[in-house]
Amino acid sequence: MEVTIKVRFNASKEKFESYGPNKHLIYLPFEEDADSEKVIATILSRKLGTPESRIIFKSKDAMGNWVFQVS
């Protein structure tokens with residue numbers, strides 16, 4: 001299944017919200033960097049109850065949302 005994540009960096013605190021089927025909003029209290037993909041996958045793993053090894057980053061869509069494949 002594909003999961004779309006809208007990420008808001010530089011938030012005041014970390015927060016996870018669902019706003020539709022397979023669509024989530026994550027607030028992160030730091031700037032985007034090379035480790036962002038791993039951090040988002042870890043949070044997604046924790047919230048979905050799926051091992052992190054089964055979550056693969058696919059791409060960013062035209063709106064800048066992060067798209068992950070969860071198997």
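The numbers here are math on the coordinates, done by the rules we state, and not lab data. Here the structure is a predicted model, which is why all the values come from computation and not from measurement. Ideal geometry is used to build each Cβ from the backbone, glycine not excepted, and the neighbour counts take in all protein chains shown.
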Counting only DSSP beta bridges with both residues in the chain, tell me the antiparallel percent, nearest 5. 75 percent
Among the chymotrypsin sites (Phe, Trp or Tyr not before Pro) in the chain, which ones are in a DSSP loop with at most 12 other Cβ atoms within 10 Å of the Cβ? Mind listing them? 30
Working from Cα positions, state the angle (0 to 90°, nearest 10) between the long axis of helix 36-48 and the longest principal axis of the chain. 60 degrees
Using DSSP loop states and a limit of at most 13 other Cβ atoms within 10 Å to flag GluC sites (Glu not before Pro), what is the longest stretch of the chain containing no flagged site? 33-71
Mind jotting down a quarter of the surface of the convex hull over the alpha carbons of the chain, in square nanometres, one decimal? 4.5 nm²
